[in-house]
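Below is one structure, written out as structure tokens; comments come after it.
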Amino acid sequence: MNTLKAIKLTILALLIATGLQSPTVQANSNVIAVNYIHGESDVDGIKIAYQRHIDYLKQFSSKLNLYFETSINFWEYGAENKHDTNFVLAMSPVVRYQISSTYNNPLYAEFGIGISLLDDTQFAGKNVSTHYQFEDRLGLVYKFGKSRKDSIALRYLHYSNACFKSPNPGLDFISFSYSTTI
């Protein structure tokens, strides 16, 4: 997928997400997220995710949040005339903890470990050995807007097979995300 197609897909997802917003945020909510991801060796991509937030962890602390994310990732590496692409499906449980508030809006730290399925095991000059990879994440999330239904996030993502098969070089990404409750 070329960069122009990725931009068009991102804009389309944002327009759909904006049109589907609900007027209030409830404890159990559905969220759509669009992520720009950048990895080592100039890998770029987009990640479109659906998150189902549930209030199960609220019984332990009002600052805890749990969500399950399902995503589709499109990665691209290299120049226009000679490039490599990869398609990735991922599912991950994620725990968030409110660490602060800024301008009366919550700031969260989050972590999660899930699974992913890569279309190609040879990508960006690396042999990652297996189609199945773990998706690890650490992030900061800032909620804002009317009823706090919008958020931006900065995340570190790591994909590897946890040494189940060699080689296992892993793939590392930084992600910038916008999400909204639908």
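Inclusion of residue 157 among residues that are open to solvent by less than 30 Å² (accessible area, probe 1.4 Å), among the aliphatic types (A, V, I, L, M), in a strand (DSSP E or B) and touching a helix residue (DSSP H, G or I) at 6+ places or on another chain (Cβ under 9 Å) is not warranted. Return the residues of the range 31-68 that are in contact (Cβ under 8 Å) with a residue 60 or more places away in the chain and either among the β-branched types (Val, Ile, Thr) or under 16 Å from residue 143 (Cα atoms) (or both); say none if nothing qualifies. 31, 32, 33, 34, 35, 37, 43, 51 - these are the residues of the range 31-68 that are in contact (Cβ under 8 Å) with a residue 60 or more places away in the chain and either among the β-branched types (Val, Ile, Thr) or under 16 Å from residue 143 (Cα atoms) (or both). Could you look through the range 160-181, keep only residues that are touching a Lys or Arg at 6+ places or on another chain (Cβ under 9 Å) and not in a strand (DSSP E or B), and pick out the one that is farthest from residue 51 (Cα to Cα)? Filtering first and then ranking leaves 167.
Yes/no per residue for (1) closer than 26 Å to residue 120 by Cβ; (2) modelled with pLDDT under 70:
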{"residue": "13", "(1), (2)": "yes, yes"}
{"residue": "21", "(1), (2)": "no, yes"}
{"residue": "48", "(1), (2)": "yes, no"}
{"residue": "52", "(1), (2)": "no, no"}
{"residue": "59", "(1), (2)": "no, no"}
{"residue": "70", "(1), (2)": "yes, no"}
{"residue": "77", "(1), (2)": "yes, no"}
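Here are some residues: 164, 134. Which one is modelled with pLDDT under 95 and over 11 Å from the mean Cα position of the chain (by Cα)?
Criteria check complete, one pass: 164.
Residue count for the range 109-128 satisfying the condition of being in a strand (DSSP E or B) and open to solvent by less than 30 Å² (accessible area, probe 1.4 Å): 6. Within the range 143-150, identify whether any single residue is closer than 22 Å to residue 32 by Cβ, modelled with pLDDT of 95 or more and open to solvent by less than 10 Å² (accessible area, probe 1.4 Å), and answer yes or no. No: zero hits. In the range 85-99, which residue that is open to solvent by 50 Å² or more (accessible area, probe 1.4 Å) and among the hydroxyl-bearing types (Ser, Thr, Tyr) is nearest to residue 42 (Cα to Cα)? Among them, the one singled out is 85.
Looking at the range 129-154 only, could you name the residues that are in a strand (DSSP E or B), more than 21 Å from residue 116 (Cα to Cα) and among the small types (Gly, Ala, Ser)? Residue satisfying the conditions is 151 alone.
Each residue in the range 46-66 was checked for being farther than 12 Å from residue 94 by Cα and either touching a Pro at 6+ places or on another chain (Cβ under 7 Å) or hydrophobic (A, V, I, L, M, F, W, C) (or both), and 4 pass.
The values are calculated or read from the model by the stated rules, or taken from the named source; none is laboratory data. Just so you know, these numbers come straight off a predicted model, no measurement behind them. Neighbour counts run over all protein chains shown; Cβ positions are idealised from the backbone, glycine included. For the accessible areas, the whole protein counts, side chains as well, though only heavy atoms, and no ligand, DNA or RNA atoms are used. Shrake-Rupley method; radii C 1.70, N 1.55, O 1.52, S 1.80 Å.
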